[in-house]
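See below for the structure under consideration.
Just so it is clear, none of the values below were taken in a lab; they were calculated from the coordinates. Just so you know, these numbers come straight off a predicted model, no measurement behind them. Please note: Cβ atoms are built from the backbone with ideal geometry, for glycine as well, and neighbour counts cover all protein chains shown.
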């Protein structure tokens, strides 16, 4: 008896947490028992795996930036951030850590927006507009990196090619996921 009550209660809490506009994660059968297996299948069907992957990529990029702070000057150099950033990090200057933390924070917020658009977490404010802007930034950064190169002369060519390729892939994931979810956002 307690097990059945606990399952219904947990399912109800999960439903309340994951409820999106018009989509329910669980359905009740005529006896009032929540069908967890039906809910799982329906939840997966309402999520967009492309946007989930885009969000995960943004989180990985954020962690890679934070690893530079922990790893110090050699990590800044290895990630292609340039000699100037590595020298400042070696002198324990505040600038590399603050800039890197700001970039990691933005990437984390972008990851949350991708997960929100995918239906994994609750809808965030201005979701459609934010996802369009995030997609555009990733794609522009990936395709037009050569316009940024003059402003960051210390960054290595490897940095530009690798980071631009990664941005392009993440931007394309956002674009495909946004296209797939457009009517549901």
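Would you please give the FRET efficiency between residue 182 and residue 60, computed as 1/(1 + (r/R0)^6) with r the Cβ-Cβ distance and R0 = 30 Å, to the nearest 0.05?
The formula returns an efficiency of 0.75 here.
Round to the nearest 0.05 the FRET efficiency obtained for residue 91 and residue 136 when R0 = 35 Å and r is the Cβ-Cβ distance.
Rounded to the nearest 0.05, the efficiency is 0.45.
Against the 2.2 N^0.38 Å scaling, with N counting residues, where does the range 49-184 land? I'd like the Cα-based Rg ratio to two decimal places.
Numbers: Rg = 15.7 Å, N = 136, 2.2 N^0.38 = 14.2 Å.
Normalised by 2.2 N^0.38 Å, the Cα Rg of the range 49-184 equals 1.10.
Order of 109-117, 165-173 by packing, highest average Cβ count within 10 Å first?
109-117, 165-173
Calculate, in nm to one decimal, what residue 83 and residue 122 gain on full extension: separation in residues at 0.36 nm each, minus their alpha carbon distance.
Extra length available between residue 83 and residue 122 comes to 9.9 nm.
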